[in-house]
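Below is one structure; the comments refer to it alone.
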Amino acid sequence: MAPRWAQLRAVLFDLDGTLIDSAEDLARAANTMRAERGLALLPLAQYRPHGGSGARGMLGQAFGSAPGQAGYEELRREFLDRYEGMMYDRTRPFAGIEAELAGLAAAGLAWGIVTNKAERFALPLTAALGLAAAAVVGGDTTGHAKPHPAPLLEAARRLGVPPQACLYVGDDERDVVAGKAAGMATAVAAWGYLGAQADHGCWGADIELAAPGDLLKQLGLA
């Protein structure tokens, strides 16, 4: 392992936009709702940058609806129910992710998942995709969601690793904020959703990863 990472014992990952490409199934759930209301379907390219924001991002694009607005909670419940029925259809790990995880395991590094996706979706989806993480912490596991550090600290606790010995990899600014607040090193997954017009170079992460295989190179494992 590269000297810079000599103390590293675990890598934690965000899920949507970092380990898995779920944007198409999220968009399909939102477009199904539009179609049933007689509205034209929106292109995947419009939804994709908002994939990391889940229901909030999809409903914002599909209906211009936001948390706190009248009718939002009803739309959110409908969206989640629809998404649950199609979340396995086209969602897959990004190319190179499975080799990356295997490389971490071969090097003796533990790895886990910390996502704002609720356990209702995160646990069965990661199992179905064969992502055998040592810990999966959802957005409702601790009572806090990122950018709060509690989910990351809970994952470190489950792995039995000090936060300072963890690297957190994500594709949203809140991932970097949460990682820093938890005392972890941070990395940006630049292949992810990132958010519309996001300038991830300004997020202050320790490293930027252009593709999944870059992590093993940065750590001196490839």
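Take the Cα of ALA196, step 7 Å along the line toward its Cβ, and report every residue of region 66-80 whose backbone nitrogen sits under 18 Å from that point. In region 66-80, the label zone of ALA196 (backbone N under 18 Å from the point 7 Å along Cα→Cβ) covers 66-69.
Using the Cβ atoms and a cut-off under 12 Å, what net charge is assigned to the surroundings of TRP5, where Lys and Arg are +1 and Asp and Glu are -1? Residues close to TRP5 contribute a combined charge of +2.
Using the rule -39500 (n - 2.57) for each DSSP H run of four or more residues, divided by the residues of the chain, the 222 nm mean residue ellipticity is -11500 deg cm²/dmol.
Using the Cα centre as the reference, give the magnitude of the dipole from point charges on the C-beta atoms of region 1-92 (Lys, Arg: +1; Asp, Glu: -1; all else neutral), rounded to the nearest 20 debye.
On the way: 12 positive and 12 negative charges, 63 e Å.
Value, rounded to 20: 300 debye.
Overall form of the chain: prolate. Here a/c, set by the Cα gyration tensor axes a ≥ b ≥ c, is 1.5 or more, and a/b is the larger of a/b and b/c. Candidate cross-link partners of LYS217 among the aspartates and glutamates, defined by an alpha-carbon separation under 17 Å and a same-chain spacing of 8 or more, comprise GLU98, GLU100, ASP206, GLU208. Treating r as the C-beta distance of ALA45 and ALA107 and R0 as 35 Å, the FRET efficiency rounds to 0.45. Annotation: the antiparallel percentage among DSSP beta bridges lying fully within the chain is about 10. Could you tell me whether region 1-118 comes out rounded, prolate or oblate from its Cα gyration tensor? Rule is a ≥ b ≥ c as square roots of the eigenvalues, rounded for a/c under 1.5, then prolate if a/b exceeds b/c, otherwise oblate. Prolate, since a/c reaches 1.5 and a/b exceeds b/c.
For a protection proxy built on the mean count of beta-carbon atoms within 10 angstrom, sort 79-85, 126-132 highest first, please. Display every interim value, and only then the final one.
On the way: 79-85: 16.1, 126-132: 14.6.
Result, highest mean Cβ count within 10 Å first: 79-85, 126-132.
Listed by chain and number, the lysines placed with their C-alpha closer than 16 angstrom to that of LYS180 are LYS146; residues fewer than eight positions away on the same chain are left out.
Straightening the chain between TYR88 and LEU221 buys 44.7 nm, computed as 0.36 nm per residue apart minus the Cα-Cα spacing.
Count Lys and Arg as plus one, Asp and Glu as minus one, and take only other residues whose Cβ is under 9 Å from that of THR186; the net charge is then -1. Normalised per residue, the accessible area of region 180-222 is 44 Å², obtained with a 1.4 Å probe and no contribution from ligands, DNA or RNA.
In the chain, what percent of the accessible surface is made up of carbon and sulfur (1.4 Å probe, ligands and nucleic acids excluded)? If you can, show how the numbers build up before the last one.
On the way: 4810 of 9410 Å².
On the chain, the fraction of accessible area on carbon and sulfur atoms equals 51 percent.
Against the chain, whose longest principal axis comes from its Cα atoms, helix 72-86 is set at around 70 degrees. In degrees, nearest 10, range 0 to 90: what is the angle between the Cα axis of helix 23-36 and the longest Cα principal axis of the chain? Around 10 degrees separate the two axes.
For TRP111, the residues whose modelled amide H falls within less than 5 Å of its own, excluding neighbours fewer than 5 places apart on the same chain, are VAL11, ALA134.
What region 85-162 shows is 42 Å² of accessible area per residue, with the surface traced by a 1.4 Å probe over protein heavy atoms.
The values are calculated or read from the model by the stated rules, or taken from the named source; none is laboratory data. These figures come from a predicted structure and were not determined experimentally. When we count neighbours, we look across all protein chains shown, and the Cβ atoms used for this are built from the backbone with ideal geometry, even at glycine. Only protein heavy atoms, including side chains, enter the accessible area calculation; ligands, DNA and RNA are left aside. Shrake-Rupley method; radii C 1.70, N 1.55, O 1.52, S 1.80 Å.
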